[in-house]
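Structure first, commentary second.
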Amino acid sequence: MRTGVFYFPTDYGIDPGELGRALEERGFDALFVCEHTHIPVSRRSPFPGGGELPKRYKHTHDPFVALAFAAAATKRLRLGTGVLLVPQHDPIVTAKSVASLDRLSGGRFELGIGGGWNVEEMENHGAQYATRFKLMRERVLAMKALWTQEEAGYQGEFVRIEPSWMYPKPVQHPHPPVLLGGETDHTLRRVVEFCDGWFPRAGAGFDPAAAVARLRAAAEKGGRDPKTLSTTVFRAPPEAATLARYREAGIDRVLLEVPDLDRDGILKRLDELAPLVGA
């Protein structure tokens with residue numbers, strides 16, 4: 001089982017390049033970054049975690065720019081979005097960003113995706129909460145076409161792209177892995193239909209063995225080989241005994257949290273987490 005981290009790449013935190021180097025030096029497998037394009041001041045949508053919206057949600061760098069700095073500073077670290085809010089991103093522009101980052105990093109990018117929870121944020125992008133998952137599906141399918149076909153087009157309810165040339169193509173074949181966040185049965189059906197991996201959160205009561213069994217059952221029901229689907233657990237507990245259970249259950253990767261601290265505080269926390277890598 002591999003061990004990576006996730007981080008809100010804020011303008012008051014650590015430089016993404018320095019963070020990438022620090023992770024690689026300590027043996028971590030991957031860096032996944034969170035994103036919000038902006039936070040409307042109205043705050044109609046309550047924070048899912050309860051209470052006030054944490055400061056970091058308003059201060060994130062663009063994920064592709066942040067990961068490009070991390071890619072330039074490292075050699076083997078996997079780089080991912082955790083998660084990219086696909087309903088808020090143009091599929092043509094996003095497909096080019098993904099392909100460019102994958103090529104320039106030597107094939108190290110992974111696209112973690114989600115539908116989003118902030119209604120007013122997505123509305124500012126022209127997306128609607130009620131149809132966000134249908135929109136996400138079509139945009140992912142359109143991006144896959146752009147990554148894999150010489151002359152690619154897509155015609156759906158929400159996405160329409162006439163046959164086009166788009167380069168560069170990703171290094172990874174057929175394209176970088178697409179990992180879908182969420183825990184519901186609906187999420188699992190979408191993973192099986194058009195993704196390459198599952199990206200659940202390790203909330204209260206999360207059972208890794210049950211999670212692996214759920215994904216396997218969903219894959220078999222959907223006619224997909226379970227071996228073609230990975231499981232990366234977001235915000236896994238930084239506890240050796242718990243992580244041993246994850247490993248025994250067959251979880252492919254866990255992501256530990258890099259906290260919302262300044263540079264020195266983050267580097268100190270990485271030193272504390274490092275013994276969990278491969279433990």
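Go through the range 215-244 and give me each residue that's out of contact with any helix residue (DSSP H, G or I) (no Cβ under 9 Å at 6 or more places or on another chain) and among the aliphatic types (A, V, I, L, M).
Hits for the range 215-244 are A241, A244.
Considering only the range 15-41, state which residues are over 20 Å from the mean Cα position of the chain (by Cα) and either modelled with pLDDT under 95 or hydrophobic (A, V, I, L, M, F, W, C) (or both).
A22, V41
I'm checking my understanding of the structure. Among residues of the range 201-217 that are of a type outside the set (D, E, K, R) and touching a strand residue (DSSP E or B) at 6+ places or on another chain (Cβ under 9 Å), which one is farthest from A241 (Cα to Cα)?
Only one residue fits best here, namely L215.
Do we have any residue at all in the range 268-276 that's in a helix (DSSP H, G or I) and farther than 22 Å from G27 by Cβ?
Within the range 268-276 (the criterion being in a helix (DSSP H, G or I) and farther than 22 Å from G27 by Cβ), the answer is no, since none of the residues qualifies.
Quick one: which residue in A218, A142 is in contact (Cβ under 8 Å) with a residue 12 or more places away in the chain, touching a Pro at 6+ places or on another chain (Cβ under 7 Å) and assigned to a helix (DSSP H, G or I)?
Within the list A218, A142, the selection yields A142.
I want to confirm something. Restricting to the range 241-276 and keeping residues that are of a type in the set (V, I, T) and within 20 Å of the chain's Cα centre (by Cα), which single residue is surrounded by the fewest Cβ atoms within 10 Å (Cβ to Cβ)?
If we take residues in the range 241-276 being of a type in the set (V, I, T) and within 20 Å of the chain's Cα centre (by Cα), then I251 is surrounded by the fewest Cβ atoms within 10 Å (Cβ to Cβ).
Given the criterion modelled with pLDDT under 95 and of a type outside the set (S, T, Y), identify the matching residue among G126, G82, G49.
That would be G49, the only listed residue that is modelled with pLDDT under 95 and of a type outside the set (S, T, Y).
Go through (1) surrounded by 14 or more Cβ atoms within 10 Å (Cβ to Cβ); (2) of a type in the set (D, E, K, R); (3) under 15 Å from the mean Cα position of the chain (by Cα) one by one and return the number of the condition R201 breaks.
(1)
For (1) part of a helix (DSSP H, G or I); (2) small (G, A, S); (3) in contact (Cβ under 8 Å) with a residue 12 or more places away in the chain; (4) more than 28 Å from F8 (Cα to Cα), each residue gets a yes or a no:
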site: E162; (1), (2), (3), (4): no, no, no, yes
site: Q172; (1), (2), (3), (4): no, no, yes, no
site: K227; (1), (2), (3), (4): yes, no, no, yes
site: A236; (1), (2), (3), (4): no, yes, yes, no
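Quickly run through the range 79-105 and pick out the residues that are more than 21 Å from L141 (Cβ to Cβ) and touching a Lys or Arg at 6+ places or on another chain (Cβ under 8 Å).
Of everything in the range 79-105, those that are more than 21 Å from L141 (Cβ to Cβ) and touching a Lys or Arg at 6+ places or on another chain (Cβ under 8 Å) turn out to be L79, R103.
Among the residues of the range 216-234, write down those that are surrounded by fewer than 19 Cβ atoms within 10 Å (Cβ to Cβ) and β-branched (V, I, T).
Once the filter is applied, which keeps residues that are surrounded by fewer than 19 Cβ atoms within 10 Å (Cβ to Cβ) and β-branched (V, I, T), the range 216-234 yields only T228.
For the range 30-52, enumerate the residues that are crowded, with 16+ Cβ neighbours inside 10 Å and more than 28 Å from R253 (Cβ to Cβ).
I39, S45
Enumerate the pairs (first residue in the range 264-279 and at pLDDT below 95; second residue anywhere and part of a loop (DSSP other than H, G, I, E, B)) with beta-carbon separation below 8 Å, excluding pairs fewer than 6 apart on the same chain, so at least 6 apart or on different chains.
G278/G27
The values are calculated or read from the model by the stated rules, or taken from the named source; none is laboratory data. Note that the structure is predicted; figures quoted are calculated from it, not measured. When we count neighbours, we look across all protein chains shown, and the Cβ atoms used for this are built from the backbone with ideal geometry, even at glycine.
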